[in-house]
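Here the structure comes first, spelled out in structure tokens, and everything after it is commentary.
Quick note: the coordinates plus some simple rules give every number you see, no bench work behind them. Worth saying up front: this structure is predicted, and the values here are computed from it rather than measured. In this analysis, Cβ positions are derived from the backbone assuming ideal geometry, glycine residues included, and neighbour counts consider all displayed protein chains.
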Amino acid sequence: MGILNLTPDSFSDGGRHQNLQSALTAAHRMVAEGADLLDLGGESTRPGARPVSPEQESARVLPVLRALRRELALPLSVDTSEPVVMRRAIAEGASMINDVRALGRPGALAAVAGSEVAVCLMHMQGEPASMQAAPRYENVTQAVGDFLEARLQACEGAGVARERVVLDPGFGFGKRTVHNLQLLAGLERLHRRLGQPLLVGLSRKRSLGELLDERPVDGRLHASVAAALLAVQRGARIVRVHDVGPTVDALRVWDAVRRTQENEG
Ligand code: HH2
């Protein structure tokens, strides 16, 4: 999943796409590099980010979604927590709603229930404005599993079949580096417990910088590729990444080894 941030303030690539053409060029590039789907976002969720209105978010995302639906055959996801934006995105042909608030806002479940889109439910402790202030867990993998199971049930209760649901542990969302490491180390267990496809987003995130002696965002490419590979090896079905080409290369090597291993019995 290639990330297309249409925000002025995203943590690693904010402000890059100030006009439609530049967003479309970036999307085409990610597709040429091997992306299977794209995730369009109009609200930054980085720690401390300012909220935007549904109108602003729609104005950032919908024109790009509309144009890409005409130009590309691959599925498009929209990263939003706002029911109004969800409904509009679905009407414009989005294939997935990716919600870092796991369809927790009033009206969000209803906004997707009447459609056939896939949904990604993510775990977050707190809200972006304050989530990194003091994240605490007794057992992060257990807590994330409990939350995602409950949200999956809420979806089913609202008429969203589990076949439509992808789950995401929410790396970096109300989690310290140690929590992110515990989650990644325990991802296989979490996957077995939940029994749903998992999406993982670690690309360029702060924990990777912290593991590399406070490396800034633009020096986290290799760490991001390693993290994506580790996630896929542990069962992630979708990895949400900024650097599609390098990630696809790494996953192709992994896939060739995996196939060979299977054939060798
Ligand atoms: N991470 C970000 C945004 N949306 N969605 C899912 N499902 N999983 C994630 O890990 C995830 C997400 C944050 O990354 P980015 O989009 O690059 O930054 P920003 O929120 O500042 O736009």
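Please label the shape of the stretch 184-265 as rounded, prolate or oblate, based on the square roots a ≥ b ≥ c of the eigenvalues of the alpha-carbon gyration tensor (a/c under 1.5 means rounded; beyond that, a/b larger than b/c means prolate, else oblate).
Taking the square roots of the gyration eigenvalues as a ≥ b ≥ c, the stretch 184-265 is oblate.
With n ≥ 4 as the cut-off for DSSP H runs, can you work out [θ] at 222 nm for the chain, using -39500 (n - 2.57) per run divided by the number of residues, rounded to the nearest 500? Each step should come with its number before you reach the end.
Working: 10 runs with 120 residues, N = 265.
Mean residue ellipticity at 222 nm (helix-derived): -14000 deg cm²/dmol.
List every residue whose amide H lies under 5 Å from the amide H of C120, counting only residues 5 or more places away in sequence or on a different chain, with H placed 1.01 Å from N in the peptide plane.
Hits under the 5 Å cutoff: I97, N98, D99, V166.
Starting from the amide H of Q125, placed 1.01 Å from N in the peptide plane, find each other amide H under 5 Å away whose residue is 5 or more places distant or on another chain.
Sorted by chain and number, the residues that satisfy this are G174.
Sort 93-103, 34-44 for me by packing, meaning the mean count of neighbouring Cβ atoms within 10 Å per residue, highest on top.
Details: 93-103: 23.1, 34-44: 21.1.
Sorting 93-103, 34-44 by mean packing, highest first, produces 93-103, 34-44.
Based on the Kirkwood radius over alpha-carbon pairs, what value in µm²/s does the Stokes-Einstein equation return for the translational diffusion coefficient of the chain at 20 °C and 1.002 mPa s?
115
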